[in-house]
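Q: Below you will find the structure I want to go over with you.
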Amino acid sequence: MPEKRCSPGNPLANRKKPSAVISIDDSPIVSKLSKIKPLEFIQVRRSSEEKLFNGLIQKFHYLGYTQPVGEHLKYIIYSNARPIACMAWSSAPRHIGARDRFIGWNQEDRKKYLPLMAYNTRFLILPWVEVKYLASHILGKMTKIVPRDWKKLYNHSIYYLETFVDPERFKGTCYRAANWKYLGLTKGLGKDSKTKERNRSLKEVLGYPLSKKFREQLIGNLK
């Protein structure tokens with residue numbers, strides 16, 4: 001066989017980053033939660049507002065914007081027609097030991113039922129917004145909104161939500177206040193790691209069951 005001449009680029013890895021949002025009202029919102037209600041939760045994937053979401057995440061989230069792969073949803077939360085927060089959800093990561101043990105998954109169960117979970121990849125309260133209890137309030141609302149929208153778009157249910165929190169940066173207070181459960185720590189291995197050597201910081205694994213019978217639903221034993 002002749003030698004390989006070139007390697008095609010990865011279109012996702014080489015995707016151009018979204019431009020930062022320039023024109024947006026960033027005047028301070030300092031208020032009680034009751035004063036900024038009702039909040040409007042807009043799912044913006046495949047809509048004209050998706051570019052706004054991407055730009056806000058790129059400019060104001062410490063991890064920046066990364067294009068999701070697979071099933072995913074994007075939300076902008078509005079108060080009085082102003083964006084105050086963003087939240088993104090995607091297909092769940094494959095190998096999370098603390099989660100798999102908590103659910104009771106073996107390798108075959110995980111492979112079969114992983115699509116029935118969603119992973120909170122980004123959560124951003126815009127930096128000029130100071131509203132006590134806002135983050136946990138949004139999380140509480142999302143536990144009802146995400147399953148509904150996921151089924152509408154992808155035609156299947158989800159029964160469990162999860163996220164990671166970097167304890168070197170955050171305490172995860174809003175998740176705990178919204179009744180998310182701490183399951184343990186990651187191993188600090190990236191998804192492309194070819195060794196068992198830690199190559200990134202350990203993250204706390206937090207989860208939220210969407211059903212009292214989530215275990216049975218996630219291992220196919222629901223009668």
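Q: What's the local net charge at S90, with K and R +1, D and E -1, over the other residues with C-beta under 12 Å away?
A: Value of the local net charge: +1.
Q: How large is the Kirkwood hydrodynamic radius of the stretch 30-219, counting all unique pairs of alpha carbons, in Å?
A: After inverting the mean inverse Cα-Cα distance, the result is 17.5 Å.
Q: Can you put E40, E168 in order, fewest other beta carbons within 10 Å first?
A: Least to most surrounded, the residues fall as E168, E40.
Q: Give the aspartates and glutamates reachable from K152 as a straight Cα distance under 17 Å; neighbours fewer than 8 places away on the same chain don't count.
A: Output for K152: E71.
Q: Let me ask something else about it. Answer rounded, prolate or oblate for the stretch 84-192, using the Cα gyration tensor with square roots of eigenvalues a ≥ b ≥ c: rounded when a/c is under 1.5, else prolate when a/b is larger than b/c, else oblate.
A: Since a/c reaches 1.5 but b/c is at least a/b, the shape of the stretch 84-192 is classed as oblate.
Q: List, in the order given, every pair from K144/K212; K112/K144; K37/K171; K37/K132 whose Cα-Cα distance in the structure shown is over 19 Å.
A: Table pairs above 19 Å Cα-Cα are K112/K144; K37/K171.
Q: Where does each of D100, D25 land when they are ranked from fewest to most other beta-carbon atoms within 10 angstrom?
A: Fewest-to-most ranking of D100, D25: D25, D100.
Q: Taking the beta-carbon count within 10 Å as an exposure proxy, list W105, W89 from fewest neighbours to most.
A: In order of increasing Cβ crowding within 10 Å: W105, W89.
All of the numbers you see were taken from the coordinates with simple rules; none came from a lab. All values derive from a computational prediction rather than experimental measurement. Heads up, the Cβs are rebuilt from the backbone with ideal geometry, glycines too, and the neighbour counts pull from every protein chain shown.
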